[in-house]
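Note sheet for the following structure.
Rule-based calculations on the coordinates, nothing more; no lab input. Computed from a predicted model, the values in this text were never measured in an experiment. Here Cβ is always computed from backbone atoms with ideal geometry, including for glycine, and neighbour counts include all displayed protein chains.
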Amino acid sequence: MSEEYVSLERGKILIVDDSRLALRGFVRELQEAGYDVYGAATGQEAISIAKTVNLDLVFTDLMMPEMSGTELCKEMKQISPNTEVVLVSGYPDQIEKFKTDFLEAGGKIEILRKPLGPFELKNTAAKILKDRAEKKK
């Protein structure tokens with residue numbers, strides 16, 4: 001059983017998932033943890049948000065109809081090179097297949113596998129935002 005890690009760092013987080021049910025759950029979980037959270041059901045919607053909001057972190061689904069998580073990562077890094085991008089997927093075989101491309105696109109090594117365990121999303125966000133804050137010091 002995972003324990004919840006509480007972060008003192010706050011940030012702007014974007015969740016991208018074509019499953020509206022998963023998207024709502026992820027957004028709610030991070031909002032309850034005190035983060036400013038945005039949700040997008042498509043890559044294009046995510047890009048629109050990224051162009052208007054200075055995001056700290058993006059969690060993106062790998063397999064989406066219009067744009068893969070890897071393609072979205074490349075776009076996000078062009079818009080905001082310092083925004084961290086983490087891959088989330090329910091297809092472990094696809095994660096291994098696309099892992100190298102995702103990392104080359106500038107994604108984080110943290111790759112989360114659905115279904116996510118208790119506190120996994122919050123703990124990952126807290127860890128990444130804490131690391132970012134320490135790098136800025």
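Taking a straight Cα-Cα cut-off under 18 Å and skipping sequence neighbours fewer than 8 places away in the same chain, the lysines within cross-link reach of Lys136 are Lys12, Lys108, Lys127.
Fully extending the segment from Asp93 to Asp131, taken as 0.36 nm per residue of separation minus the present Cα-Cα distance, adds 10.8 nm. In region 12-136, if the dipole is taken from +1 on Lys/Arg beta carbons and -1 on Asp/Glu beta carbons about the Cα centre, which of Pro81, Thr100, Asn123 is farthest to the positive end? The residue sitting most towards the positive pole is Asn123. By the count of neighbouring beta-carbon atoms within 10 Å, fewest first, Ser89, Ser80, Ser48 end up ordered Ser48, Ser80, Ser89.
Taking the fewest neighbouring Cβ atoms within 10 Å as the starting point, the ordered list for Leu121, Leu14 is Leu121, Leu14. Calculated from the alpha-carbon coordinates, the chain shows an Rg and a Dmax of 13.6, 40 Å respectively.
Each Lys and Arg Cβ is given +1 and each Asp and Glu Cβ -1; about its Cα centre, the chain then shows a dipole of about 380 debye. Counted residue by residue at 0.36 nm each, then reduced by the alpha carbon distance between them, the extension gain from Glu66 to Ser19 reaches 15.6 nm.
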